[in-house]
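The values are calculated or read from the model by the stated rules, or taken from the named source; none is laboratory data. Values in this document were obtained by computation on a predicted structure and should not be read as measured data. So basically every Cβ, Gly included, is an ideal-geometry build from the backbone, and we count neighbours across all protein chains shown. Only protein heavy atoms, including side chains, enter the accessible area calculation; ligands, DNA and RNA are left aside. Shrake-Rupley method; radii C 1.70, N 1.55, O 1.52, S 1.80 Å.
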Amino acid sequence: MKSIRVFLVAVILSIITLFIFVAALKGYQSSMQEADRLFDKQLLDTATLIANLPAGQSVTKLSNNSTIAFQVWQHGTLVAASANVPETAIISFSPGFAYSNFGGYRWRTLAYFDNDNDHWVLAAERTDLRYALAENVILESIFPIFISIPLLGILIWLIVSRGLRPLQKFANELESKQADDLSPLTYPFTYQELKQIGQSSNRLLERLETSLLREKQFASDAAHELRTPICALKIQLHNLADDRPEETAGTRELTDTIDRLGHVVEQILDLYRSSPDQFNASFTNINLTTLAREVVAREYERFDSKNQLLEFEGEDCFLLGDQFALATLMQNLLSNASKYTPEGGQINVSVHYSDSGIDLVVEDSGPGIPEDERETVFERFYRVGRDRHASGEAGCGLGLAIVKRIVELHAASISIRPSGFTTGTAFQVSFPLTRKSVL
Amino acid sequence: MLLNSVILILQETLEAALLISVLLAINLQFGGGVRWLILAIVGGLATSALYASQMSRVSEWFEYTGQEVTNALLQTSITLLILLCSWTFLRCWSAGHDKVAAHYSFRFHLFATATVLLAITREGSEILVYLMGFYHQASFFHTMASGSIIGFGIGISVGVLILYGLFSLQGKWRVAAIISILALFAGNMLSQATLQLIQADWIESAGAIWNSSSLLSEESLAGKLMYALLGYEATPSGAQVIAYCTGIILVLLTSMLALKMNPTNGKAAA
């Protein structure tokens, strides 16, 4: 049962059809009985008329195919008859209506004894024709019912559709709500049936808003509470390095661990900020190439420290987007490329218009991602080869999850394919063209 | 004339509508579309037209008992297909697992398509032969057409109500209703097949073992409805009663076996 509309129309129409047709059948049966009585009365009138004809005036003009037949018998002798009857009595001489077969037809018969003239009148009428006549008359009254059924179906469909419209409007209002809009529904719940759904939905939204506020507050507090001690740790470590300039393996590991901790906290906050519930996008017209160039410049030191060759090429490409989010996206892609490309490797970044929009491509000469893992790398906390990745780089597995979120928020798409180098991966983000983005 | 048309068309339509309703209710379990049904109906109408057009030739087979023997063969095939439909349905339901449903989905649709196709071939050919008999008699055609519309309308309406009645049942109640209807339908088919073979003198009949005409006449509208829905006969022969019971028992045994073969025993789906 997939559609309420189809269910209502089918069931209502079936019940109506069933009742109307059964009623029509009952009506037909009653009408046929009534018609039978009328035809019998007519046959009696005919017999009475024949009985009162002057003696010897035989009605022989009735042809063989006439619907009426008769015989007049007096003291066992046939004194008058129509041309379409046999010479023997068509029925027994007992008064009343009956049925008889002669002349190749079935007849409704009447045996009538006329006391005044002392003779029997046996009158008959062909049943096939009398029923055909009666049926035709009755069917004329049934015929409009046949036409009314499809019209009724259309009418029921329209009425049910009209009745379900408030439900559709209610669904539209829910659908049109922004992801961060948890205000109560303003739809006027004038219908009794929808009032309860509306009240329940508003209570649910209220609970959801309270819960999200609590979560937002927690995230904000947690970010502050985590950043402060990490900052303090970094300062303390810096002071320690000043006091004891000779670097040991222990202090080096401590510095790396604190950096990693800081990175994880920042990534978690980025992931949180880019979730649809929290994302307050301020979309402006952005030159993606300029932005990419800025991010590349900011991250250059990372590539330089690993002696990696970074090439950038691009034309001015404009799109509507959130500057901070897009910078985070590129930063994550570049950081990922640098992390998994060995020392002395190469990374190419390009921004170009394509047939369908704007393509941002980051490709590296790293080991590449196996085909069966290309979909799963966007899952949170997923790392290719787990923590035993050949690069030996530490990470929290959130970078590409953040990238995917930002891609979705810009109605773009991301794909992974082998890079143009001997080995390696190419990440391609395709932004759709909007009217303003081509300005 | 009108009543005769109503009764004949209603009887045939109701049988087909009942079968299609039950198979559609099963189809809900598999979550498939209804393309198989459209294919079966269109195919069934085509084969029924072919069968009706060749009826006189078919009748001459087996020393002029060809029509009876062919009908008996069709009815027996429908019974066997109903057993297969029951089996696939219950295997899927008792497993209560999407993968199992997908595994049995194709088989069920194949069996259901064949069942509907054969049922429509038989019912449709009888309707067509009846209608063709009146096609050239203009004086009766109007009455016969009206009777056919009324019979068809009532049959389809009852079918739709049975379908949504089955849809409204939940879990094991729906399964119980479906299997009960299929069992009665299988019994009805086997009983009709036996009657056809008795008429063809392929099976000997020792006469009626009871006569319930005084309670419910076979010729009345209610009697005809009961015949279409439950296979009611006022004067059945012993062979027919045995065939009817065999059909019911076969469906019930198949169902029990299908349920027993799965260790989850329907709990997952219930």
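Observations on the model:
- Percent breakdown of C-alpha pair distances by 5 Å bin, ordered from the shortest bin, for the stretch B:74-217: 2, 8, 11, 15, 17, 15, 14, 10, 6, 3, 1, 0
- Inter-site label distance for A:ARG207 and B:LEU45 at 7 Å from Cα along Cβ, in nm: 5.2
- The heavy atoms of A:SER141 present about 80 square angstrom of accessible area, all protein chains included, probe 1.4 Å.
- On a per residue basis, the convex hull of the C-alpha atoms belonging to the stretch B:139-270 measures out at 147 Å³.
- Element breakdown for the protein assembly as shown at a 1.4 angstrom probe: carbon and sulfur atoms account for 60% of the accessible area.
- A convex hull fitted to the Cα coordinates of the stretch A:281-438 yields 105 cubic angstrom per residue.
- Exceedance of the 25 Å cut-off in Cα-Cα distance is limited, within the set B:LYS172/B:LYS224; A:LYS177/A:LYS216; A:LYS195/B:LYS172; A:LYS234/A:LYS339; A:LYS177/A:LYS404, to B:LYS172/B:LYS224; A:LYS195/B:LYS172.
- Close amide H pairs (under 5 Å, H built 1.01 Å from N) link A:PHE312 with A:VAL349, residues at least 5 positions away or on another chain.
- Within 10 Å of the Cβ of each residue in B:142-150, the mean number of Cβ atoms contributed by other protein chains is 5.
- When B and A come together, around 1900 square angstrom of accessible surface is lost from both chains combined, probe 1.4 Å.
- Inter-site label distance for A:ASN307 and A:SER430 at 7 Å from Cα along Cβ, in nm: 3.9
- In the frame of its principal axes, the stretch A:192-270 has Cα extents of 79, 16, 14 Å, reported largest first.
- Candidate residues B:ARG122, A:ARG380: accessible-area rank, largest first, probe 1.4 Å: A:ARG380, B:ARG122
- Top of A:LEU185, A:LEU226, A:LEU139 by mean-square fluctuation, Gaussian network on chain A, Cα under 10 Å: A:LEU139
- Theoretical FRET efficiency, 1/(1+(r/R0)^6), r = Cβ-Cβ of B:ALA176 and A:LEU261, R0 51 Å, to 0.05: 0.25
- Area of A:ARG5 that stays accessible when all protein chains are in place (1.4 Å probe, Å², to 10): 80
- Other-chain or far-sequence residues with amide H under 5 Å of A:VAL79's (modelled H): A:VAL72, A:TRP73, A:GLN74
- Scalar couplings 3J(HN,Hα) for the stretch B:144-160, obtained by applying the Karplus form with A = 6.51, B = -1.76, C = 1.60 to θ = phi - 60°, are 5, 5, 5, x, 5, 5, 5, x, 5, x, 5, x, 5, 4, 4, x, 5 Hz; x denotes Gly and Pro.
- Peptide A:143-150 shows a mean partner chain C-beta count of 2 within 10 Å per residue C-beta.
- In percent, rounded to a whole number, the relative contact order of the stretch A:281-438 is 25, using alpha-carbon pairs under 8 Å and six or more apart.
- Each principal axis of the Cα atoms in the protein assembly as shown has its own extent, and those three values, largest first, are 154, 57, 46 angstrom.
- Overall shape: oblate for the stretch A:190-326, with the ratio a/c of the largest to smallest alpha carbon gyration tensor axis at 1.5 or above and b/c at least equal to a/b.
- Anisotropy class of the stretch A:297-384 from Cα gyration tensor, a/c 1.5 cut: oblate
- Gyration tensor (alpha-carbon) shape descriptor, the stretch B:107-163, a/c threshold 1.5: oblate
- When the helices of chain B are scored as -39500 (n - 2.57) per DSSP H run of n ≥ 4 and the total is divided over every residue, the value at 222 nm lands at -28000 deg cm²/dmol.
- Applying the criteria of a DSSP loop state and at most 15 other Cβ atoms within 10 Å to the trypsin sites (Lys or Arg not before Pro) of the stretch A:154-262 yields A:LYS177.
- Exposure check, 1.4 Å probe, all protein chains in place: B:MET55 carries approximately 20 Å² of accessible surface.
- Neighbouring Cβ atoms from other chains, within 10 Å of the Cβ of residues in B:156-162, number 5 on average.
- Relative to the dominant Cα principal axis of chain B, helix B:35-53 is inclined by about 20°.
- Rel. contact order, % - alpha carbon contacts under 8 angstrom, at least six apart, chain B: 33
- In degrees, nearest ten, helix B:238-260 long axis to first principal axis of chain B (Cα): 20
- Percentage relative contact order, chain A, counting C-alpha pairs under 8 Å, at least six apart: 10
- Ranked by the mean number of other Cβ atoms within 10 Å of their residues, highest first, the peptides B:149-161, A:93-105 come out as B:149-161, A:93-105.
- Structure-based [θ]222 nm, chain A - -39500 (n - 2.57) summed over DSSP H runs of at least 4, per residue, nearest 500: -18500 deg cm²/dmol
- Taking the C-alpha atoms only, the angle from helix B:98-135 to the longest principal axis of chain B is near 10 degrees.
- Cα-based Rg and Dmax for the stretch B:2-260, where Dmax is the largest Cα-Cα distance (Å): 18.6, 60
- Counting only protein heavy atoms and a 1.4 Å probe, the stretch A:281-438 has 49 square angstrom of accessible area per residue.
- With the convex hull of its Cα atoms as the shape, the stretch A:4-148 has an orientation-averaged projected area of 10.7 nm².
- Length, then width, then depth: along the principal axes, the Cα atoms of the stretch B:1-86 run 46, 33, 21 Å.
- Among A:VAL403, A:VAL72, A:VAL361, the largest mean-square fluctuation in a Gaussian network model of chain A (Cα springs under 10 Å) belongs to A:VAL72.
- The modelled label-to-label distance for the pair B:GLU63/A:ALA23, using points 7 Å beyond Cα in the direction of Cβ, is 5.5 nm.
- Farthest toward the positive end of the dipole of the stretch B:164-270, out of B:PHE167, B:VAL241, B:ALA183, is the Cα of B:PHE167, where the dipole comes from beta carbon charges about the Cα centre.
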